[in-house]
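To start, the structure under review is shown below, and the notes come after it.
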Amino acid sequence: PPPPPPPAPTPAPTAGERAAALSASRAFRELAELRRENGALARRLAEKAAESDEHAARAGEAGAARDALGEIVAFQKAQLEEGSAQLGRAREELAGCRASEEMLVGRLLTEKASMVAQVVEATDELEALRGELEVTRGLLAKYERGDADAASGRGPADLPSSAGGFLSAATAVPRSLLSISRPHSSDITGLSLSPPSLLTCSADSTCKAFDLSSPGPPRHLCTHSAPTNQPLTCAALSPAGLLAAGGADKCVRLYPPSSPRPSASLQGHNSKVSAVAFRDDGTLLSAAHDRTVKVWAVGGGKGAMKGTMHTGSIPNDIGISVNASSVATAHADGGVRFWDLSKLTKILEMPSVHTGQCTSCEFHPFDGYTVLTTGRDNAIRLLDSRVCQVSLTLVDPKYRCNYNWSNAAFSPDGEYVVSGSGKDVFIWSVRAGKLERVLRGHSDLVEKVVWSAGARQVVSAGKDGSVVVWE
């Protein structure tokens, strides 16, 4: 076939056509861009709607949770209010119980105080009667022996009264120096009296016995020597006249009345012996720096240990009551302890009676509960062991407790107390609670004092080995 005819040539667009075509192209491009933006906005709107729906769902869940939480809070609040009400009722009941308990305790304390007062009163009466009985027996014995000197001048006014005590004072306070002697070459560490015998022990390793019955200076009876050169620190006389002496060599030695040599040496302590004392039944007690008190059965000039009491603090002295029913010890910690010898146990402790060392303890001559103590705090105190209280404190600006073994002693009627202070001897009135008299005559510090049973003489011993009798 013949070839097709060539296409007719396209006429060239005019300038207006070209401008219209360009405008149309820009319009199409802008329309396409607007459509894309519209699609994006639609998608964002859908997302926001979904998020809104999710938020709404969460808000619903939160509202439900708030409602549930409100119910729980309301329930707990109701329970708390109920618990508070129950607690208030319990407090009211407790307050009522406490009031009832306080009333009951107050009633019991009142009844106890009344009973204690009755017991104390009865004990006082009993001890007073015992003292009167002992004095009466002594007077009757003197009259029966025909002792004119002892019986003369004692009429009915000197006998015990039915109300307790004495109708006239039995003690004359010493006023002057009667005699002075120097039996030892060193300080006197022990002074014991078992009428009419006076016993001294010294750091010169000797004990000496004297007779106080004759007028004038004490009459020397016997010298008891320790087999070692160790100082003697304490001594005591038994009712039978047996001598016990403790020393720095840890031993307690027994001496028959007229023997210069010991009949027995009691071993058992691990340190220096600080105090010895006899009971009326002959039982011997010894205290030492090993913080023990040992009990010995003594007979026939021999001794055997019965037991040991551990004190917890160094005992400086031993006190035994007039009826031997009570035993007390004075200690380096300032306290006083009371012991049951039948069980070898501590039954009572009064701690910190003194702020310094408690250097001595002695029972009242008539009762079994009042204890006289001295201390390095320069105070003398009277203790009532029934109520564990200090009943009296004796102090004076000039009073000084010289040594850890210094002591104070009752007068035979318990109305006065004698003690050494510096180079002087102080006499105190228990009734007045103050210093009564000061006796001067020692040339060195006073270490030990004792009041004779005759109630008219005081014996004091000094560091220079001197013995002074005051009357």
Would you mind putting 255-267, 185-197 in packing order, based on average other-beta-carbon counts within 10 Å, highest first?
-> 185-197, 255-267
Give me the number: length gained by fully extending HIS55 to SER176, i.e. 0.36 nm times residue separation minus the C-alpha to C-alpha distance, one decimal in nm.
-> 32.0 nm
Any lysines with Cα under 22 Å of the LYS302 Cα? List them, leaving off those in the same chain fewer than 8 positions away.
-> LYS208, LYS250, LYS272, LYS294
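So how much slack lies between ALA24 and SER214, counting 0.36 nm per residue of separation and subtracting their Cα-Cα distance, in nm?
Values: separation 190, 0.36 × 190 = 68.40 nm, distance 16.34 nm.
Result: 52.1 nm gained on full extension.
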In Hz, Karplus ³J(HN,Hα) per residue of segment 302-310 (6.51, -1.76, 1.60; θ = phi - 60°; x = Gly, Pro) | 10, x, 9, 6, 9, x, 10, 10, 8
15 Å Cα-Cα reach of LYS398 towards aspartates and glutamates, excluding residues that sit fewer than 8 places from it in its own chain = ASP377, ASP424, GLU436
LEU31 accessible area, nearest 10 Å², 1.4 Å probe?
-> 70 Å²
Under the Cβ-under-4.7 Å rule, which cysteines of the chain stay unpaired?
-> CYS97, CYS222, CYS234, CYS251, CYS358, CYS361, CYS388, CYS401
In degrees between 0 and 90, to the nearest 10, how far off the longest principal axis of the chain does helix 15-145 point, with axes built from Cα atoms?
-> 10 degrees
Between GLU71 and GLU101, take the C-beta separation as r, use R0 = 56 Å, and let me know the FRET efficiency to the nearest 0.05.
-> 0.80
In whole Å, what is the distance between the alpha-carbon centres of segment 415-471 and segment 237-305?
-> 27 Å
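What percent does the relative contact order of the chain come to when contacts are Cα pairs within less than 8 Å and at least six residues apart?
Values: 986 pairs, mean separation 46.6, N = 471.
Across the chain, relative contact order equals 10 percent.
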Under a 1.4 angstrom probe, counting protein chains only, how are LYS423, LYS448 ranked by accessible area, largest first?
-> LYS423, LYS448
In whole angstrom, note down how far apart the Cα centers of segment 59-80 and segment 16-31 are.
-> 68 Å
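Nearest 5 percent is fine: what portion of the DSSP beta bridges confined to the chain is antiparallel? Before the final figure, lay out the partial values.
Values: 106 of 106 bridges.
DSSP beta bridges in the chain are roughly 100 percent antiparallel.
Given a Förster distance of 45 angstrom, what is the FRET efficiency for SER259 paired with SER352, based on the Cβ-Cβ distance and rounded to 0.05?
0.55
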Among [x] 27.4; [y] 28.8; [z] 24.4, find the value of Kirkwood radius over Cα pairs in Å that was calculated from the structure presented, and write down its label.
-> [y]
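The values are calculated or read from the model by the stated rules, or taken from the named source; none is laboratory data. None of the values given here were measured: they were computed from a predicted structure. For neighbour counting, all protein chains shown are included, and Cβ atoms are generated from backbone atoms with ideal geometry for every residue, glycine included. In case anyone asks, the SASA skips ligands and DNA or RNA and just uses the protein heavy atoms, side chains included. Shrake-Rupley method; radii C 1.70, N 1.55, O 1.52, S 1.80 Å.
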